[in-house]
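To start, the structure itself, in structure tokens.
The values are calculated or read from the model by the stated rules, or taken from the named source; none is laboratory data. These numbers were taken from a predicted model, which means no experiment stands behind them. Ideal geometry is used to build each Cβ from the backbone, glycine not excepted, and the neighbour counts take in all protein chains shown.
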């Protein structure tokens, strides 16, 4: 699928079968959700950004500080139409029917794809870059991302020597195969215990499995969110798991690094890789 998308982009085609010409520097851009905000803020000329989503300066936004001074817009059809955009960038903002609704008014849509493969970040950068007329800027970010990932790849230990890790969220959820976070863990050079045990997708943390197979490393994400404090009944608050996190090397990843499948995933990969390297260097028990 990704290969077809990239082939289409060479001919100025926006995926999902919609023909869109690259924007000129004068056109007006609106983004409708915090993932769309990241691509818009990073690639569009600032003077062309009419508005970003209300979450552009939230804890989920990697480029929150860059959004300062930009107008915010509710992702409703009426608000978007009133802003008179030439291009709307969105992943989910505006809801299921937003794309069809806006196309009725001849508004171009740059749709950000979701995916569980790290390559989706490069695909999205290139496609949004084409839509904004900023392909050179997008390609520079793609190259930086791939170069950073390649440097880590060159340093990875053989799988048999990689530390075993468990991913933990405030809601008591972990991840198996088939997810973006699992791919981040693999790229960083750690074995995902849940995936190694046959789990797929998002799952509740299995405390018994952890007791039988303790991790060498805990990867904790989204604990910096204010909302993380209200998960009173979550497995993540269980005394046993809290003890595991206290006595096991733990890397805390900010929510903004993993909230979107975007190029800044490299920050998370590098942080996990560095934590894994320290375990190896310090002579920790590696199975």
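Here are a few things to note about the model shown:
- Search result, residues across region 52-65 that are surrounded by fewer than 22 Cβ atoms within 10 Å (Cβ to Cβ) and either in contact with a strand residue (DSSP E or B) (Cβ under 6 Å, 6 or more places away or on another chain) or touching a residue at least 40 places away in the same chain (Cβ under 8 Å) (or both): 54, 59, 60, 64
- When residues in region 127-148 are screened for being surrounded by 17 or more Cβ atoms within 10 Å (Cβ to Cβ), touching a helix residue (DSSP H, G or I) at 6+ places or on another chain (Cβ under 6 Å) and under 29 Å from residue 178 (Cβ atoms), 8 of them pass.
- The single residue among 63, 9, 16 that is modelled with pLDDT under 95 and in contact with a helix residue (DSSP H, G or I) (Cβ under 6 Å, 6 or more places away or on another chain) turns out to be 9.
- When the residues of region 128-144 are filtered to those that are free of Cβ contacts under 8 Å to residues at least 12 places away in the same chain and over 20 Å from residue 184 (Cβ atoms), the one that is farthest from the chain's Cα centre (by Cα) is 136.
- Flag for residue 136 being in contact with a strand residue (DSSP E or B) (Cβ under 8 Å, 6 or more places away or on another chain) and more than 30 Å from residue 244 (Cα to Cα): no
- Residues in region 92-126 that are under 14 Å from the mean Cα position of the chain (by Cα), surrounded by fewer than 21 Cβ atoms within 10 Å (Cβ to Cβ) and either in a loop (DSSP other than H, G, I, E, B) or not assigned by TED's automatic domain parsing to the domain that holds residue 30 (or both): 92, 113, 114, 115, 116, 117, 118.
- Residue count for region 75-127, restricted to those that are under 29 Å from residue 184 (Cα atoms) and free of Cβ contacts under 8 Å to residues at least 40 places away in the same chain: 2
- Where helices (runs of 4 or more DSSP H) fall entirely within region 166-251, none has at least 2 residues that are assigned by TED's automatic domain parsing to the domain that holds residue 60, touching a helix residue (DSSP H, G or I) at 6+ places or on another chain (Cβ under 8 Å) and surrounded by fewer than 18 Cβ atoms within 10 Å (Cβ to Cβ).
- In summary, residue 62 fulfils each of the numbered conditions (1) assigned by TED's automatic domain parsing to the domain that holds residue 42; (2) over 22 Å from the mean Cα position of the chain (by Cα); (3) on the phi < 0 side of the Ramachandran plot with the single exception of condition (2).
- Flag if residue 23 is in a loop (DSSP other than H, G, I, E, B), modelled with pLDDT under 95, crowded, with 21+ Cβ neighbours inside 10 Å and not assigned by TED's automatic domain parsing to the domain that holds residue 255: yes
- Restricting attention to region 148-165, the residues being in a helix (DSSP H, G or I) and within 17 Å of residue 274 (Cβ to Cβ) number 9.
- Test: residue 266 is assigned by TED's automatic domain parsing to the domain that holds residue 171, within 23 Å of the chain's Cα centre (by Cα) and touching a residue at least 24 places away in the same chain (Cβ under 8 Å): yes
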